[in-house]
Amino acid sequence: MQGSVVVRMGPCGGGGGNARDVDMRGVDRVVKVVVRHGDTVDAMSVLYERNGREEWIDLWGGPGGGLSEICLRPDEYFTCVEGHCGQFEGNFVVRSLSFVSNLRAYGPFGQQDGVPFALPAAGGKILGFHARSGRHLDALGTYVRTEQH
């Protein structure tokens, strides 16, 4: 029997902020990721394709930093998210993020300062994200789709 399973990985980072999550039912892929960053990762937002329609999630985090946008091609998907977690303004938060796709790498966004982390898809595809956020992105995790044989 063949099918796919979605596995929740992480999150990596601190325990501050509020939990942020997305219902992954019907989600086919990540279309676009917007990251706000400067001295740290301030926020991120994701455009998903769900049942053939595109939908944005709310901005997770605060309004600081500059804006970077990652637009994925239709045949492109994330295979790994890497970054650093560390102290910023008295909180343990995500300091940097890099996104690796099956075609190229994006980032780093923010400052590569603190403890490195990686959330590889281990042969699968990163289908989405969950997080903790307040004024900044406190922690980030992934949802990975793996094929079952």
Inset, instruction - Give Val6, Val100 a once-over and let me know the one that is touching a Cys at 6+ places or on another chain (Cβ under 6 Å), over 16 Å from Ala139 (Cβ atoms) and hydrophobic (A, V, I, L, M, F, W, C). - result: Val100
Legend entry - Selection from the stretch 22-45 of residues that are out of contact with any Leu (no Cβ under 9 Å at 6 or more places or on another chain) and over 14 Å from Leu67 (Cβ atoms): Val22, Asp23, Arg25, Gly26, Asp39
Legend entry - Pairs where the first residue, in the stretch 73-99, is within 10 Å of Gln112 (Cβ to Cβ) and surrounded by fewer than 19 Cβ atoms within 10 Å (Cβ to Cβ) and the second is of a type in the set (Gly, Ala, Ser) and modelled with pLDDT of 95 or more, C-beta under 8 Å, 6+ apart: Ser98/Gly83; Ser98/Ala105; Ser98/Gly107
Inset, instruction - Find the strands (runs of 3 or more DSSP E) located wholly in the stretch 102-149 whose residues include 3 or more that are touching a Gly at 6+ places or on another chain (Cβ under 7 Å), and list them. - result: 115-120, 125-133, 137-148
Legend entry - Which listed residue, of Gly114, Gly107, Gly123, is modelled with pLDDT under 95 and at positive phi: Gly123
Inset, instruction - Those residues that are assigned to a loop (DSSP other than H, G, I, E, B), more than 12 Å from Arg29 (Cα to Cα) and either of a type outside the set (D, E, K, R) or at pLDDT 95 or above (or both), I need them from the stretch 51-74; list them, please. - result: Ile57, Leu59, Gly62, Pro63, Gly64, Gly65
Inset, instruction - Residues being in contact with a Lys or Arg (Cβ under 9 Å, 6 or more places away or on another chain) and not acidic (Asp, Glu): count how many of those fall in the stretch 98-114. - result: 8
Inset, instruction - Output the residue which, of all residues in the stretch 1-30 that are in a strand (DSSP E or B) and small (Gly, Ala, Ser), is surrounded by the fewest Cβ atoms within 10 Å (Cβ to Cβ). - result: Gly3
Inset, instruction - Could you check, for the stretch 44-67, whether at least one of its residues is at positive phi, surrounded by fewer than 16 Cβ atoms within 10 Å (Cβ to Cβ) and either in contact (Cβ under 8 Å) with a residue 24 or more places away in the chain or not hydrophobic (A, V, I, L, M, F, W, C) (or both)? - result: yes
Inset, instruction - For the stretch 77-93, enumerate the residues that are part of a loop (DSSP other than H, G, I, E, B) and either within 18 Å of Arg36 (Cβ to Cβ) or touching a Lys or Arg at 6+ places or on another chain (Cβ under 8 Å) (or both). - result: Tyr77, Glu89
Inset, instruction - For Val33, state whether it is outside any strand (DSSP E or B), surrounded by 12 or more Cβ atoms within 10 Å (Cβ to Cβ) and either of a type in the set (Ser, Thr, Tyr) or under 14 Å from the mean Cα position of the chain (by Cα) (or both). - result: no
Inset, instruction - Could you list all residues from the stretch 50-75 that are more than 17 Å from Phe109 (Cβ to Cβ) and under 15 Å from the mean Cα position of the chain (by Cα)? - result: Trp56, Ile57, Asp58
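The values are calculated or read from the model by the stated rules, or taken from the named source; none is laboratory data. Just so you know, these numbers come straight off a predicted model, no measurement behind them. Positions of Cβ are generated from backbone atoms using ideal geometry, with glycine treated the same way; all protein chains shown enter the neighbour counts.
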